[in-house]
1. Residue by residue through the stretch 135-158, note down the ones that are open to solvent by less than 50 Å² (accessible area, probe 1.4 Å), touching a residue at least 12 places away in the same chain (Cβ under 8 Å) and assigned to a helix (DSSP H, G or I).
2. If G83 passes every condition in (1) modelled with pLDDT of 95 or more; (2) open to solvent by 40 Å² or more (accessible area, probe 1.4 Å); (3) not in a helix (DSSP H, G or I) but one, which one does it miss?
3. When you look at G99, is it outside any helix (DSSP H, G or I) and not aliphatic (A, V, I, L, M), yes or no?
4. Mind listing just one residue for me: the one in the stretch 10-43 that is within 18 Å of A202 (Cα to Cα) and of a type in the set (S, T, N, Q) and, of those, least open to solvent (accessible area, probe 1.4 Å)?
5. Can you tell me which residue in the stretch 172-181 is farthest from L156 (Cα to Cα), limited to those that are touching a helix residue (DSSP H, G or I) at 6+ places or on another chain (Cβ under 7 Å) and surrounded by fewer than 19 Cβ atoms within 10 Å (Cβ to Cβ)?
6. Of the conditions (1) of a type outside the set (K, R); (2) part of a helix (DSSP H, G or I); (3) over 25 Å from K2 (Cβ atoms), L226 fails just one. Which one is it?
7. Which count do you get for residues in the stretch 57-77 that are open to solvent by 60 Å² or more (accessible area, probe 1.4 Å) and either closer than 12 Å to S24 by Cα or in a loop (DSSP other than H, G, I, E, B) (or both)?
8. Kindly provide the set of residues from the stretch 36-62 that are out of contact with any Leu (no Cβ under 8 Å at 6 or more places or on another chain) and not hydrophobic (A, V, I, L, M, F, W, C), ordered by number.
Amino acid sequence: AKIDALRKAVAKAPGDAKLQAQLSGEYSQVGRMREAVETAAKAADLDPLSPAMAAQRIMSLAYAGRSEEAERALAEANRRWAGTGAIRGANWAYHLRYGDPKVAQANASGEALQAMGTYLAARESGGPAVARLLADVASVTSDQMAMAYGWGLQALAEFGTVDAALDWLAGASDEMVAESSYLFFRPQFAAFRRDPRFMAVAARAGLVRYWRDSGEWPDFCTESGLPYD
């Protein structure tokens, strides 16, 4: 429903960069990553002086698995808007997940480093640091789940197992799963998406109903060798 409403709004105001940016975010929620990238690019083109729109385009590329393009776009943004909050945030977000952990640390606030320090250490050195990260995830209580949900799920997708990620999801509410469905379509979740049990999770999030009703299926469904229909 949100996508349909935003499409109508964009049709009435095709020059509105903010509407295009919102539509890009909604495409990401349902796994339509190619369209998320294309729409984020339109937003950046419509407002070429906005570092925030550039940052959204950078991260849409990264989340779609197009890291080389994201790195080029980030380098260009750093040349144009070095030091702005939006581009500092893009440097943090990109390098946190996909680039150089040291660059992420240089662009992080103290609070962000405190929250994600164990994860960055796991990315940088592996081995015992990964074990510490997974131990931190395992120590999360049900009372802490609302705060730790996205961080923990991404850590398990990248460093854990599909079974561990599914166990984590079993402890989360349907609302949490639905609100953060965009996570499932990031590169770290490739093995998770290829497991047939993912479709049960997608159904919990309301995604399967949307895909069936709209006839618009997510990009990963066209991947060769997908082990289920």
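The values are calculated or read from the model by the stated rules, or taken from the named source; none is laboratory data. These numbers were taken from a predicted model, which means no experiment stands behind them. In this analysis, Cβ positions are derived from the backbone assuming ideal geometry, glycine residues included, and neighbour counts consider all displayed protein chains. SASA here: full protein model, heavy atoms, side chains in, ligands and nucleic acids out. Shrake-Rupley method; radii C 1.70, N 1.55, O 1.52, S 1.80 Å.
1. Filtering the stretch 135-158 down to residues open to solvent by less than 50 Å² (accessible area, probe 1.4 Å) leaves 137, 140, 145, 148-150, 152-157.
Next, only the ones that are touching a residue at least 12 places away in the same chain (Cβ under 8 Å) stay: 137, 140, 145, 149-150, 152-157.
Answer for the stretch 135-158, where residues must be open to solvent by less than 50 Å² (accessible area, probe 1.4 Å), touching a residue at least 12 places away in the same chain (Cβ under 8 Å) and assigned to a helix (DSSP H, G or I): V137, M145, Y149, G150, G152, L153, Q154, A155, L156, A157.
2. (1)
3. Numbers: outside any helix (DSSP H, G or I): yes; not aliphatic (A, V, I, L, M): yes.
Taking the combined requirement at face value, the residue satisfies it.
4. Pass one, the stretch 10-43, residues within 18 Å of A202 (Cα to Cα): 25-33.
With the extra rule that they be of a type in the set (S, T, N, Q), the set shrinks to 28-29.
On the way: S28: 24, Q29: 40 Å².
Applying the filter and picking the extreme gives S28.
5. Residues of the stretch 172-181 that are touching a helix residue (DSSP H, G or I) at 6+ places or on another chain (Cβ under 7 Å), as a first pass: 172, 174, 176-177, 180-181.
If we keep only those that are surrounded by fewer than 19 Cβ atoms within 10 Å (Cβ to Cβ) too, we end up with 174, 176, 180.
Numbers: D174: 19, M176: 16, S180: 15 Å.
Ranking the qualifying residues of the stretch 172-181, first place goes to D174.
6. Of everything listed in (1) of a type outside the set (K, R); (2) part of a helix (DSSP H, G or I); (3) over 25 Å from K2 (Cβ atoms), L226 misses just condition (2).
7. Counting residues in the stretch 57-77 that are open to solvent by 60 Å² or more (accessible area, probe 1.4 Å) and either closer than 12 Å to S24 by Cα or in a loop (DSSP other than H, G, I, E, B) (or both) gives 2.
8. Within the stretch 36-62, E38, K42, D45, D47, P48, S50, P51, Q56, R57, S60 meet the criteria.
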